[in-house]
Amino acid sequence: MTEKSPGLFGRLKAGLGRTRAKLGGSLATLIVGRKAIDAELIEELEALLLGADIGIEATGVLIGDLESRLSRNALRDGDAVYAALREGMLGILQGGETTLELPSRGKPNLIMLVGVNGAGKTTTAGKLARQLQDQGRSVMLAAADTFRAAAVEQLQSWGERNRIPVIAQHSGADPAAVVFDAMSAAAARGLDVVIADTSGRLHTQGNLMAELTKIARVARKADPEAPAECLLVLDAGVGQNGLAQAEQFGQAVGLTGVVLTKLDGTARGGVIFAIRKKLDLPVKYIGVGESIDDLRPFDPEAFVDALLSGEA
Ligand SMILES: Nc1nc2c(ncn2[C@@H]2O[C@H](COP(=O)(O)OP(=O)(O)O)[C@@H](O)[C@H]2O)c(=O)[nH]1
Ligand SMILES: [Mg+2]
């Protein structure tokens, strides 16, 4: 393991509790101290990985690698399996720009958060605002989920917690107009970032996608390079189903990355491998709780170590 603050590693481990219990624990039972490795063990490993929602493609890559090492006699004991698995997992998770692309251009950068209802968009907007402020950036929130009145209030309370302005209109207002207003207001005030919280549900899925496309198109009138980032917010608990959503959102607005929420307490954290394998999008942040500090930049190495650590 590389140098990581124990606090952060500990929290990540605790957050991944159920996934770890399922994967890390059984993995340790299966391979630690093992003297001889055979095809049967690799098969058991395959079932374990699939059970942790790592997905068929990613599991195929990991198991294929173990099999070829086995045939080369390069898997002599449990430690070698563990090391190979760790390396294979990192190979899948690394790659892609995992930090936000927010150039200083003397103009506010727009970050759009998209995803289905309940995925954690509004909460992520609040947590991300804190994170960016901690990096010295000035942030404004745009309440582009105008479908439900409660959504605006929820974002306003995140604005208060962060002590930052929230641009909102009445419910039912045109979300593209809200985002355009926010970008103009942020530019006038010299702010660095606008985070747009969007709706996850409209009368039909087609309406929602058309609305998101329009938000991006109108935003480009204020800034041809907008949105600087368009992040798909995915609930880790939905497992493989989440991947189907990604394609639709990707077609409506070009996605630049994923925020995987609710990694605390889900048994399905392995879905992060399936996301990397299937979507080829970087995971930029992970959500490990509901409070303002519970968003972490995604660090593949810390994640794999936390996931694989068998001890409590
Ligand atoms: N445990 C946990 N809950 C979260 C996380 N992110 C969001 N939530 C909760 O999930 C629910 C839906 O979140 P919300 O931001 O309203 O989703 P939205 O519909 O996409 O805007 C709320 O109760 C949040 O507190 C997370 O990382 N961990
Ligand atoms: Mg919301």
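Values quoted throughout were computed directly from the atomic coordinates according to the rules given, and no laboratory measurement underlies them. Everything quoted here is computed from the prediction, not taken from an experiment. Cβ coordinates were reconstructed from backbone atoms using ideal geometry, including for glycine residues, and neighbour counts include every protein chain displayed.
Projecting the Cα atoms of Phe180, Ala28, Leu113 onto the charge dipole of the chain (Cβ charges, centred on the Cα centre) puts Phe180 farthest toward the positive pole.
Listed by chain and number, the aspartates and glutamates whose alpha-carbon sits under 20 Å from that of Lys277, ignoring those within fewer than 8 places in the same chain, are Glu46, Asp53, Glu57, Asp65, Glu67, Glu87, Glu97, Asp235, Glu247, Asp299, Glu301, Asp305.
Let me know the charge dipole size of the chain about its Cα centre in debye, to the nearest 20, where only the beta-carbon of Lys, Arg (+1) and Asp, Glu (-1) is charged.
On the way: 34 positive and 38 negative charges, 117 e Å.
So the magnitude is around 560 debye.
Taking amide H atoms as placed 1.01 Å from N in the peptide plane, the amide H of Leu110 lies under 5 Å from those of Val194, Ala228, Glu229, each 5 or more residues away in sequence or on another chain. Ordering Thr124, Thr213 by the number of other Cβ atoms within 10 Å of each residue's own Cβ, fewest first, gives Thr213, Thr124. For the listed residue pairs Lys127/Lys221; Lys127/Lys278; Lys13/Lys262; Lys127/Lys214, the alpha carbons are over 20 angstrom apart in Lys127/Lys221; Lys127/Lys278; Lys127/Lys214. Panel order for Tyr285, Tyr82, by other beta carbons found within 10 Å of each beta carbon, from fewest to most: Tyr82, Tyr285. Local charge for Ala274 was computed over the other residues whose Cβ lies under 12 Å away, with Lys and Arg +1 and Asp and Glu -1, and equals +1.
Working value for the chain: equivalent-ellipsoid semi-axes of 40, 19, 16 Å, each the square root of 5 times a Cα gyration tensor eigenvalue, largest first. Shape descriptor for the stretch 156-256: Rg over Rh equals 0.97 (Cα atoms; Rh from the Kirkwood inverse mean 1/r).
Eigenvalues of the Cα gyration tensor times 5, then square-rooted: what semi-axes does that give for the stretch 187-312, in whole angstrom, largest first?
29, 18, 13
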